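Colleague: Can you keep this structure in mind? I'll have questions shortly.
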Amino acid sequence: HKEYRRQRQMCIRDRDMVESAPDILGEKLLVIGRQVTTPLGRVLDLLALDENASTKVIELKRDRAKDDAVGQLVAYGAWAATLGRAELERIFSDYSMQRRAVAGTPPGLNEAFFEVFGVALPPRVNQTQTLTLVARTIDAATLGAVRFMRDRDCLLYTSDAADDTPCV
């Protein structure tokens, strides 16, 4: 039980660190949600927007990321791809009410986007999605699979697709 608590505290600290300084991931980001529950009941760690207002799904693992983390991340990305402006605004509003509890009304998504990027939120949002897995280590098989998919712009097919169209 002590080891589990220690790992959980490390994960929370890591999430706090990425949330408060998302630029450690290599780009300027606006975090719009933390512990966001998808319609399937899954909970993604952080959801952010980049300077183009595209979503960035950020999943943090306590220690070692294994191959199931990739499947989890892809499922979150598939859900994030369905989000329109109204959903992003709702997620940000919920996040703001939870995290930015200060006197007065928290900023809306438009205002927060301008504060971070210095430009207005574009009319078209969430045109692309980026999936980011953060872990202390990633096992070799998982790293190999991720590199394989990235390097080949891999399309995945499902066996139940009647017309054999790519699903990713």
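Colleague: Give the long-range amide H neighbours of Thr130: residues separated by 5 or more places, or on another chain, with amide H under 5 Å away, using H modelled in the peptide plane at 1.01 Å from N.
Modeller: Thr55, Lys56, Val57
Colleague: When the chain is fully extended, how far beyond the present Cα-Cα distance does Arg147 get from Ala86, taking 0.36 nm per residue of separation?
Modeller: 18.6 nm
Colleague: Now a separate question. Name the long-range amide H neighbours of Leu121: under 5 Å, sequence gap of 5 or more, or other chain; modelled H, no Pro or chain starts.
Modeller: Phe114
Taken together, the values in this text are just the output of simple stated rules run on the coordinates, not laboratory data. Keep in mind it's a predicted model, so treat the numbers as computed, not measured.
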